[in-house]
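To keep things clear, I will list the structure first and then write my remarks on it.
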Amino acid sequence: MRQLLVIGIGAGDPDYVTIQAVKALNRVDVFFVLDKGEAKQDLVALREEILRRHVERDHRVVSARDPERDVSAGPYAEAVEDWRRRRADVCERMILDELPDGGTGAFLVWGDPSLYDSTLGIVEDIAARGNVELDYEVVPGISSVSALAARHRTVLNRVGGGVQVTTGRRMSAGFPADVDDVAVMLDVRPMTRLPAEGVDVYWGAYVGTPDEILLAGPLEKVAPRIDAAREEARARKGWIMDTYLLRRRS
């Protein structure tokens, strides 16, 4: 039996790693990494820094190239499912080749494994195939949504209200009905497309890292600044990770 740990390592700051996660990190024999290419070497460096700070036992790091997702393929759900299947193929091969029976391996997940991340689905797929006998555990982490609220010194929901966590793709259809507070992830589209009347925004990119950018205020005024900051950051670094909270004014 092989053991897998799916460990949430927080939104970017190595200090976001919880005590529970540190304990889990120090049970691991082999860390598995899907390499996303040269443009995202900053993410590899952050993982290496987390391991350097928090892991005190001998271990190995095994990496493989992350399959590309065809963003032009459709429909969207089928394209994502195909991409996840190909990722599962790669991860299964790493586990079979690099993790001996009785060993403990781990996937490190940015933020929290339960929130818009495919790792758990991949592990479930591998387990269901039956080619490798394994058990797995999940260690929660500080999500980018939680980190964003903390950095802006605000809460996600107001008294008696709820908050919806959604994607930029869904926000393109408009502000959700009967919701006053919306946390948005995975948005690559211009902020100026969003309905802005009576809405405030709390936005952050690379939250918890030295490159962190924070902007907040009335959406109609701040949206152009956010779009400009996104483009500058993407041109400078080659990638961007950002999250924002939209709040209807009372």
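Charges on Cβ only, +1 for Lys and Arg, -1 for Asp and Glu, centred on the Cα centroid of the stretch 80-157; of 143, 105, 121, which one is farthest towards the dipole's positive end?
Most positive-ward Cα: 143.
Cβ under 11 Å from residue 1's Cβ, residue 1 left aside: what net charge do those residues give with Lys, Arg +1 and Asp, Glu -1?
Summing Lys/Arg as +1 and Asp/Glu as -1 gives -2.
Considering the chain, what Rg and Dmax in Å follow from its alpha-carbon atoms?
Answer for the chain, Rg first and Dmax second: 19.2, 58 Å.
Return an integer: the convex hull volume of the alpha-carbon atoms of the stretch 102-250, in Å³ per residue.
153 Å³
So which GluC sites (Glu not before Pro) in the stretch 1-95 end up in coil per DSSP with only 14 or fewer other C-beta atoms within 10 Å?
56, 68
Please name which of 209, 238, 223 has its Cα lying farthest along the dipole of the stretch 186-244 towards the positive end, using unit charges on Cβ (Lys, Arg +1; Asp, Glu -1) and the Cα centre as origin.
In the stretch 186-244, that residue is 238.
Within 9 Å, Cβ to Cβ, of residue 144, how many net charges do the neighbouring residues add up to if Lys/Arg are +1 and Asp/Glu are -1?
On the way: positive: none; negative: 112, 242.
With Lys, Arg at +1 and Asp, Glu at -1, the net is -2.
Write down the percent of antiparallel bridges among all DSSP beta bridges whose residues are both part of the chain, to the nearest 5.
On the way: 18 of 43 bridges.
The antiparallel proportion sits near 40 percent.
Once every Cα of the stretch 1-121 carries one equal point scatterer and solvent is ignored, give the base-10 log of I(q)/I(0) from the Debye formula at q = 0.19, 0.23 Å⁻¹, two decimals.
The Cα Debye sum returns log10 ratios of -1.12, -1.50.
Taking the stretch 209-250 on its own, what percent of its Cα-Cα pair distances exceed 16 Å?
Pairs farther apart than 16 Å: 39 percent.
Laboratory data are not the source of any read-out in this text; all were calculated from the coordinates shown. Computed from a prediction, not measured in an experiment: that's the story for all the values here. No Cβ is skipped: glycine too gets one built from the backbone with ideal geometry, and neighbour counts run over all protein chains shown.
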